[in-house]
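Single-structure report; data block below.
The values are calculated or read from the model by the stated rules, or taken from the named source; none is laboratory data. Note that this is a predicted model, so its numbers are computed, not measured. Ideal geometry is used to build each Cβ from the backbone, glycine not excepted, and the neighbour counts take in all protein chains shown.
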Amino acid sequence: MSQLQIQTKNRKFETAKDLYGIFFEDISRAGDGGLYPEFLRNRTFEDSLLPDGYEEKGDGVHVVTCSGWEDEFNNGEGLSYWVEKNKIAPTPIPAWYAEHAQMELERKDTLNANRSAALRVHFEAGGYVYNTGFHGIPQKQGEAYPLYLFAKSDRPVCLEFSIEEDGYQFAQSRLTIGGEGYVRYDTILVSDGDCENASLVIRSQEEGEVLFGFISLMPGKTYNGHGLRTDLVEKLKGLNPSFMRFPGGCIVEGSTLSTVMMFKNTIGPVWERPGNLLVWHYRSYNGLGYHEYLQLCEDLDMEPLYVCNCGMTCQGRRGVLLTDEELEEMLQDTLNAIEYALGPVNSKWGRQRAAMGHPAPFRLTYLEIGNENWGPNYEERYQLFYREIKKRYPQIKTIANTHVEEHGCPVECVDEHFYNNVEFFTENVGYYDSYDRQGPGIFVGEQAVNEGIYSGKLYAALGEAAFLVGLERNQDIVRLASYAPLFENVNYDAWFPNLIRFDNHRSFGIPTYYVWRMFGKNRGKYVVESTQESDVIYRPMKGMASLKAKKALHYRNPIWEGAPAAVTHELMGHVKKTGEEFCLEMPDEQQKEVFLNKMRWADAEKSFVIFGEEDQTCGRFEVEVLVEEDLAFEIGVFSARICRSFFDQLQETEQDAWHAVKIRPFLWKIKDGKCSFGEPAFPEDRKLTDDFTIDAAPGEYHRFAYETDGQVIRLFVDGVLQKEIKVPSSPSFISVVTETEEEIIIKAVNMSGEVDPVNITLDCDVETLYTVTLLTGAKDAENSFEKPKNVRDRMISLRGAAESFVYEAPAYSVSVLLLKKKA
Ligand code: AHR
C-alpha cells in the first residue's frame, strides 16, 4: 500500500508552459517516404553519389570520411541490414531498375546547378524503368496522386506512367517528352484499387532516349494541404506538443562539412534544393526543409525550436572543426534562418518566405546552438553564436548543449540527453531535485529507454513515465522535454526504439507514445506540494564478474559461489595460465582492431575478461590479485545493465554477441590502496559510496571478494569487510500532483507487478466522481501493426474521491487522475 498526501494549499510553482514537445530528426527514414510522403526513392538520382570528403573503402559496403569516420553506404542503399531484410536487388542506381531499357547516370547535363545527377534512359520499344519506392509504393482506390517530372529528349517520346503491382496496373497516365532543355511535366495518377507494394513504371512503346532531371510522386491529400503525411501528423497532434525541436540531432552536426545540415539547402523549390547525405546512412532530398518544419509548427501550434550547426561536425563521429571562413558562413546561415522565420517581407529572407506562400512571419521561439557538442571548441563557438543571435534577436531563447555556464558563458537553458535502461530512469526520478535553482533552465531534449529487454515495451514506458514525473516535480527549472527518436520507417530502422513506427501506409505508437500523450494532455497550471510513501524496488542483480586493467594483471583462484570460475569471455586481451597463476595480458594489435571496428567507443587500451554467465545472479565472487604499485584495476560484478538491444541483436550473427560497451557492472576500482565503488554513467561514473582505502601491500596476492543478497553489496579484502553498499533502488509508486483552478491532476506510476492500493489524502473537497486515464498491461506488452493499440491509454470514470480515499493503481500502470474540486 502506498500513501499520497496532497496539499493543494501549498502551490510550489507554475507548470512550465512548453514542457512537453517533440523532437523530429530524419533518422530511420523518418523524412522522405515518411512524414514527407514522397513515394519515389532516389527522386533526384543522387543516392549513390558520395559527398566531398568521403571515399569508398573498396569493400563495396563501407565509406570513410576524411577524418577517418567509417560508415556503411552500399552504393547509396544504406545499411547492409536494410539491403538484407528488404531483399533489395542490386542496381547501380538505387531504387531504379530497367527492363529492355538502359539506364545511366548523367553527371553533367543536370536539371540545375544544385543537382549532381540526372537519369538517362534509352528505351527499347516496349522497354521500361521502374522505381520501387520506400519498400513499395502504396495507393488507395479513387485517390489522386500528383506526379511531376523535369525531363528532356531530343525527339518526342511518349511515356506511359503506371502504378503496377504483380503485373496489375492500378493507375496510368501518358506524357510526351520533347523539346529543348528540361521541361516540367505534370500529371495525376488515380488508382482503381488499393495496393501497398507497387512500383512506378515508366514505359515507352517506341525506341527513344529521355533524360530525367527530377521526378516526384506524392499523395494529393496531405495534412492541411501542407504536404505532410496525414496519419503521422495526426499522431503528433495526439501528443498535444507545445514545441518541436528540429532538424536534429546528429544530422545537424554531420560528419564532414559536406554533410552538415544548413538552412540554405532546405528552402526554395524542392527540385532546386541540394540533397544531404545524413549521418543515418541515407540521403535526404530536403523536400522536408526549414519552411515545412515551421509550417508544421504553425499547423499544430507548436513553438519552433531550431537546432543549428555551430561550426563543428559530430564529435562522436571523429568530429572536425570548420575553418574560420566556414564558421562565419555557418553563423550567417543561422542568422539567415532566423530572418527567414521572423523577418518582414521586405527583408531578404522574409521575401523568400513570402515567395514560398507565407508572407506573415512564422514564430521562432527557441534556438539550440549545436547538438551534443562539448569542450573548449564548443564553448568558443557557442559564445560567438550566442552573442550574434542575441544582439539581433534578444527575444529568442537560446539553448546550450552542455553546462558551459560553469566556464563563464551566458546560458539560458541547457539540453541534457538520457538514453539508458528502465532502472536508470526509475532510480533517477529525483535527478533534478538538487539542481541549482538559480542556474540555467533545463531542456531534456532526448530521453528513452533504449537498453535492456524492455525497450519499446510497457515496462520501459513506465520507467520513462517515472522520469517524467521527476521532470514535472522540477518544472521550476525543467522547462522543456522531448522523447527521441520520434519516427521510424520499420523497413529502414537505424535506431531502436522509436516513438511512432510506420511503413508506407500504416503507423502505430509504442507504449511510450501513450505516456507522452497522457502527460502532454494533462498538465495543470501549478505544481502542488505532495508527499508519498511506498515500497521499494531494488535494481535486479544479475550478471557476471569481470576483471579489467590498464596493464597485464596476475590473478589466481577466481571463485563464483564457492566453485572455481573460468573466464567465459576474453573481451580484450588474453588470459595465459602458468601453474595456479593466470596472467591477463593486454590486447594485441589484431584484437584491438577487431574490437574497435565493432565497438568504436570502447577503450582498446585495457584488458578485460568476464567470468560466469549472464544469468548468474546474487552471490559471491572472489579472486586473488597480485597487487602492484601503479597498477589500476577494476573488479566488476552483477551487470544489471546487460543489453539485448537492437544493436546487440544485429551483432548476434557475429562470432561474439557480447557488446562490451553495454556491459555495465558495478565497478570496484583499485589503485595503490585507494578505492572507489560505483557504476559507469555519462558524463562521469556514478559513485555509490565515498572513496575508501584498503590495506593491500604491493608485491603480494590479496583476496578481493564481492558479495550481495540483492539489496546490499559487501566488499572484502583478505576476509575483512571494507564496505557495505545499498543496491540502488527506486520507489514502486511514483507520483506528482498539479492543479488548475477547477481540477487536481495526479500522475501516478506503479512500477510493481501488484495492484497498489494508494491511500490519497487531500486538503480540499472534491467531487466523488473522477476520471482516470490509464495505461496498463503485461510488463513486456508492446504494440505492432497487427495489434497497434494493444497497449494504449483508456479513460474510465470512478466514484469515491474524497478528502481521503483509496485508488487502486493496477500492476504495471500509469494513471492520470482528474479530481474535480468542489466549488
Ligand atoms: O536520437 C538519436 C540521436 O541520439 C540523435 O541524433 C543524437 O542527438 C543523439 O545522440
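Does Ser284 satisfy the criteria of being on the phi < 0 side of the Ramachandran plot and modelled with pLDDT under 95? Here the answer is no, as Ser284 does not meet what is asked. Restricting the first member to region 206-221 and to residues that are of a type in the set (S, T, N, Q), and the second to residues that are at pLDDT 95 or above and part of a loop (DSSP other than H, G, I, E, B), the beta-carbon pairs closer than 7 Å and six or more apart or on different chains are Ser216/Glu38; Ser216/Leu40; Ser216/Arg43.
Condition first: under 13 Å from Ser752 (Cα atoms) and touching a residue at least 60 places away in the same chain (Cβ under 8 Å). Can you find one or more residues in region 784-797 that meet it?
The answer is no, given that none of the residues of region 784-797 is under 13 Å from Ser752 (Cα atoms) and touching a residue at least 60 places away in the same chain (Cβ under 8 Å).
Answer yes if at least one residue in region 477-494 is more than 16 Å from the ligand (Cβ to nearest atom) and buried (at least 24 other Cβ atoms within 10 Å of the Cβ), and no otherwise. No: zero hits.
Can you say whether Val623 is of a type in the set (Val, Ile, Thr) and assigned to a strand (DSSP E or B), as far as the supplied structure shows?
On the way: of a type in the set (Val, Ile, Thr): yes; assigned to a strand (DSSP E or B): yes.
In short, yes.
Filtered by the rule that a residue be more than 16 Å from the ligand (Cβ to nearest atom), over 20 Å from Asp535 (Cα atoms) and touching a residue at least 40 places away in the same chain (Cβ under 8 Å), region 437-460 gives Arg437, Pro440, Gly452, Ile453, Tyr454, Lys457, Leu458. Under the condition of being more than 16 Å from the ligand (Cβ to nearest atom), of a type outside the set (Val, Ile, Thr) and either more than 12 Å from Phe487 (Cα to Cα) or over 20 Å from the mean Cα position of the chain (by Cα) (or both), the residues counted in region 226-249 number 13.
Matching residues to (1) within 16 Å of the ligand (Cβ to nearest atom); (2) in a loop (DSSP other than H, G, I, E, B):
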site: Phe496; (1), (2): yes, yes
site: Tyr513; (1), (2): yes, no
site: Gly520; (1), (2): no, no
site: Val528; (1), (2): no, no
site: Ile537; (1), (2): no, no
site: Gly543; (1), (2): no, yes
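Residue count for region 302-339 under the criterion of being in a helix (DSSP H, G or I), more than 16 Å from the ligand (Cβ to nearest atom) and modelled with pLDDT under 95: the result is 0. Which of the residues belonging to region 793-816 are outside any strand (DSSP E or B) and over 22 Å from Ser732 (Cβ atoms)? Correct list: Arg799, Gly800, Ala801, Ala802, Glu803. Within region 100-109, can one find any residue that is in contact with a helix residue (DSSP H, G or I) (Cβ under 8 Å, 6 or more places away or on another chain) and under 27 Å from Val279 (Cβ atoms)? Scanning region 100-109 turns up no residue that is in contact with a helix residue (DSSP H, G or I) (Cβ under 8 Å, 6 or more places away or on another chain) and under 27 Å from Val279 (Cβ atoms). Being of a type in the set (Gly, Ala, Ser) and surrounded by fewer than 24 Cβ atoms within 10 Å (Cβ to Cβ), is that true of even one residue in region 28-39? No, region 28-39 contains no residue that is of a type in the set (Gly, Ala, Ser) and surrounded by fewer than 24 Cβ atoms within 10 Å (Cβ to Cβ). Among the residues of region 420-453, what is the count of those that are in a loop (DSSP other than H, G, I, E, B), crowded, with 22+ Cβ neighbours inside 10 Å, at pLDDT below 95 and more than 15 Å from the chain's Cα centre (by Cα)? The total comes to 1.
Within region 181-209, if we keep just the residues that are under 22 Å from Asp166 (Cβ atoms) and surrounded by fewer than 18 Cβ atoms within 10 Å (Cβ to Cβ), the residue that is farthest from the chain's Cα centre (by Cα) turns out to be Gln205. It is to be established whether one or more residues within region 743-764 are free of Cβ contacts under 8 Å to residues at least 24 places away in the same chain, farther than 30 Å from Glu707 by Cβ and of a type outside the set (Lys, Arg). Checked region 743-764: no residue is free of Cβ contacts under 8 Å to residues at least 24 places away in the same chain, farther than 30 Å from Glu707 by Cβ and of a type outside the set (Lys, Arg). Taking region 118-146 as the range and being surrounded by fewer than 22 Cβ atoms within 10 Å (Cβ to Cβ), within 33 Å of the chain's Cα centre (by Cα) and more than 21 Å from Glu99 (Cα to Cα) as the test, the residues that pass are Lys140, Pro146.
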